Amino acid sequence: MGVNQLSARLSLCLLGLMLAACCRQEQATSCNETTPVTEAGSSDGSGNNARFSQPSAIAVDAGGNLFVTDTANNTVRKITAAGVVSTLAGSAGNAGSADGSGQKARFNQPGGIAIDLAGNLYLADTQNHTIRKVTAAGVVSTLAGSAGQAGQADGIAGNARFNQPWGLVRDPAGNLYVTDTGNDTVRMITPEGVVTTLAGTAGNPGSADGNGARAQFNFPRGITIDRAAILNPNLNLYIADTNNNTIRKLNLSGDVTTLAGTAGAAGSDDGGGRRARFNQPDGIAIDSAGNIRVSDTDNQLIRNVSQTGVVSTLAGAAGTTGHADGNGSNANFNLPMGIAADTANNLYVADSGNNLIRKVTPGGLVSTLLRSGESSPCLCLFKL
């Protein structure tokens with residue numbers, strides 16, 4: 001399949017429901033529908049004064065500061081440990097691809113985000129088909145890809161091409177791993193900017209396990225890395241393979257296996273390996289205890305996956321949308337997407353449909369960091 005055909009297959013559809021009910025033609029929810037959500041906006045501030053618009057991914061630093069891709073606002077936001085929100089880069093409501101400092105920079109529906117020890121951020125600028133870097137001071141540059149040029153080519157920096165990249169994670173050596181969602185591949189970017197394809201074949205979606213190009217993905221989204229990678233160069237990557245409703249495992253030799261879920265079988269069942277079910281899983285993170293945490297977006301759940309593939313539900317009630325805080329199944333989410341773990345193994349969730357940032361303790365107690373008001377429409381990004 002050519003790049004133009006693939007791009008047509010992946011034209012804009014609802015970001016708030018991307019890859020969920022709104023973004024699958026066979027499902028009933030329309031991109032014109034509005035669901036009960038909290039108020040969208042772009043205001044900085046603290047507490048009720050801060051607003052987000054379909055936040056989609058989160059990174060957390062050692063000091064407890066959160067960094068959020070505020071996707072519908074086309075900005076990167078910072079939340080301090082004291083709960084103060086500011087805009088680090090981008091200008092709300094102004095899409096574009098310009099490099100520059102602070103509000104002079106532009107993004108186009110940015111997705112996944114990662115952080116290094118120096119405080120530099122790396123993000124997948126999804127609709128620009130590029131990978132960007134944001135310094136701690138808010139200076140934005142383009143690391144790889146060319147804005148507006150979707151493709152699949154490996155190469156160096158601007159010569160490489162991506163197709164709606166989404167998830168992104170960084171290893172201790174400075175390599176970036178990217179779920180190139182529109183290409184159904186996983187890519188690697190070295191610190192020198194060399195882009196290669198680690199697994200999957202562009203334009204060939206599927207669910208096959210295997211090595212390198214013989215493996216298949218179907219709209220892979222979230223990606224995370226073994227915490228053991230700090231000490232062990234033989235790291236593993238874990239991927240939320242969204243349209244397959246599975247969690248996949250990938251090593252640096254390119255070997256792909258299915259850890260949990262069954263391709264093509266949506267559901268919310270807990271259980272071991274292929275007996276477990278997911279429904280459009282999106283965000284994925286690993287805590288210091290080795291627990292794999294997954295935002296199971298269409299189920300409105302936060303799930304736990306053990307290293308052996310045993311799945312349990314940490315928070316939320318399957319099929320129940322809302323924004324209630326509480327413990328376990330008493331809490332509700334509305335299209336939870338990006339997820340990150342702090343040093344105490346608390347989770348932070350981009351509750352995209354609610355325009356909120358939520359916190360989930362290791363025991364499953366859910367609270368809202370910054371609460372807003374009522375009701376905003378969804379924005380469409382991906383469409384099959």
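The values are calculated or read from the model by the stated rules, or taken from the named source; none is laboratory data. From a predicted model like this one, the values you see are computed outputs, not experimental measurements. Cβ sites come from the backbone with ideal geometry, for glycine too, and all protein chains shown count toward neighbours. Quick note on the areas: whole protein, heavy atoms, side chains included, nothing else; ligands and nucleic acids left out. Shrake-Rupley method; radii C 1.70, N 1.55, O 1.52, S 1.80 Å.
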- Message: If I take all pairs of Cα atoms in the range 178-323, what percentage of them are more than 19 Å from each other?
- Response: 47
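Under 1.5 on a/c is rounded, so check that first for the range 58-135, then, if it is not, pick prolate when a/b is larger than b/c and oblate when it is not; a ≥ b ≥ c are the square roots of the alpha carbon gyration tensor eigenvalues. Let's see the in-between values first.
Working: a/c = 1.87, a/b = 1.49, b/c = 1.26.
The shape class here is prolate.
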- Note on the structure: In units of 2.2 N^0.38 Å, the Cα radius of gyration of the range 216-291 is 1.08
- Among 60, 302, 213, whose Cα lies farthest out toward the positive end of the dipole of the chain, if unit charges sit on the beta carbon of Lys, Arg (+1) and Asp, Glu (-1)? 213
- Give me the number: length gained by fully extending residue 95 to residue 324, i.e. 0.36 nm times residue separation minus the C-alpha to C-alpha distance, one decimal in nm. 79.2 nm
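Probe radius 1.4 Å, ligands and nucleic acids ignored: give me the carbon and sulfur share of the accessible area of the chain as a rounded percent.
48
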- Message: Quick check for you: with a 1.4 Å probe and neighbouring chains kept, what is the accessible area per residue of the range 73-142, in Å²?
- Response: 35
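Treating the beta-carbon of each Lys and Arg as +1 and of each Asp and Glu as -1, no other charges, what is the dipole magnitude of the chain about its Cα centre, to the nearest 20 debye?
200
Per DSSP helix of 4 or more residues, -39500 (n - 2.57); summed, then divided by the residues of the chain. What does that give at 222 nm, rounded to the nearest 500?
-500 deg cm²/dmol
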- Task: Using the Kirkwood radius over Cα pairs, work out the Stokes-Einstein diffusion coefficient for the range 191-250 at 25 °C and 0.890 mPa s, in µm²/s as a whole number.
- Result: 197
- Once both label points are put 7 Å beyond Cα along the C-beta direction, the residue 312-residue 269 separation in nm becomes 1.9
- From the backbone phi of the range 149-159, what are the Karplus-calculated ³J(HN,Hα) couplings (6.51 cos²θ - 1.76 cosθ + 1.60, θ = phi - 60°) in whole Hz, Gly and Pro given as x? 10, 6, x, 9, 5, 7, x, 9, 6, x, 7
- First check a/c for the range 135-258, with a ≥ b ≥ c the square roots of the eigenvalues of its C-alpha gyration tensor; if it is under 1.5, answer rounded, and if not, answer prolate when a/b is larger than b/c or oblate otherwise. oblate
- GNM flexibility winner over the chain from 186, 310, 178 (Cα, springs under 10 Å): 310
- Task: Calculate the spin-label point distance for residue 173 paired with residue 190, positioning each point 7 Å from the Cα along the beta-carbon direction, and give it in nanometres.
- Result: 0.9
- Ordered by residue, what ³J(HN,Hα) values in Hz, to whole numbers, does the range 172-188 give under the Karplus form 6.51 cos²θ - 1.76 cosθ + 1.60, where θ = phi - 60° and Gly and Pro are x? x, 7, x, 6, 9, 10, 10, 7, 8, 4, x, 9, 6, 9, 10, 10, 10
- Using only the Cα atoms of the range 310-357, build the gyration tensor, take square roots of its eigenvalues as a ≥ b ≥ c, and label the shape rounded, prolate or oblate: rounded if a/c is under 1.5, else prolate if a/b is larger than b/c, else oblate. oblate
- Query: Whole-Å semi-axes of the chain's equivalent ellipsoid, largest first, each the root of 5 times a Cα gyration tensor eigenvalue?
  - Reply: 26, 24, 21
